[in-house]
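Below: the structure, in structure tokens.
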Amino acid sequence: MSYRIEYAAPQTYRDVKSLPAFYRRQAKNIIESLKVDPYPSRSKALRDIYLCRRIWLGDSWRILYQVDDVEQVVYIVAIRPKNDETYQSLELAIPAHKVGHAGRSREPGSDG
């Protein structure tokens, strides 16, 4: 089954468009691949941010996203350069207090 892609904020979509051409092409391919597999082995769950994952875009950028398995939506939260502020001030699509949304709370394949 295929997931739908949504951008958590209009700025996030504009951020993709403003990436350098090489990274923009790569970002679009990665985002499209999340429709089929929102938990690729190269992604990582972020411990301190509710249902948020990150995937590397080249060696200096990160795609941050959330997965709603109930609604089958992947929310692209941010595309940012890797630095001290990468994970600050994220506009989450699925806040921790929102009821009715579910995502994997553990890494795939973990026993708990």
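The values are calculated or read from the model by the stated rules, or taken from the named source; none is laboratory data. If you're wondering where the values come from, they're calculated on a predicted model, not measured in any experiment. We place every Cβ from the backbone using ideal geometry, glycine too, and count neighbours over all the protein chains shown.
Within segment 56-71, being of a type in the set (D, E, K, R), over 21 Å from Lys82 (Cα atoms) and assigned to a loop (DSSP other than H, G, I, E, B) holds for Asp69, Glu71.
Evaluate the following for Ser33: is it part of a loop (DSSP other than H, G, I, E, B) and among the hydroxyl-bearing types (Ser, Thr, Tyr)?
no
Within segment 45-55, the residues that satisfy the criterion of being assigned to a strand (DSSP E or B) and closer than 14 Å to Ala8 by Cα are Cys52, Arg53. Scanning segment 57-73 for residues that are closer than 16 Å to Glu32 by Cβ and either surrounded by fewer than 21 Cβ atoms within 10 Å (Cβ to Cβ) or over 10 Å from the mean Cα position of the chain (by Cα) (or both) turns up Leu57, Gln72, Val73.
Pairs only if they're at least six apart or on different chains, beta carbon under 7 angstrom, first in segment 33-50 and within 18 Å of Met1 (Cα to Cα), second of a type in the set (Phe, Trp, Tyr) and surrounded by 12 or more Cβ atoms within 10 Å (Cβ to Cβ); list them, first residue then second. Taking only residues 6 or more apart or on different chains, the pairs are Leu34/Tyr3; Leu34/Tyr65; Lys35/Tyr3; Pro38/Tyr3.
Restricted to segment 1-12, and to residues there that are modelled with pLDDT of 90 or more, surrounded by fewer than 17 Cβ atoms within 10 Å (Cβ to Cβ) and not acidic (Asp, Glu), the residue that is farthest from Leu57 (Cα to Cα) is Ser2.
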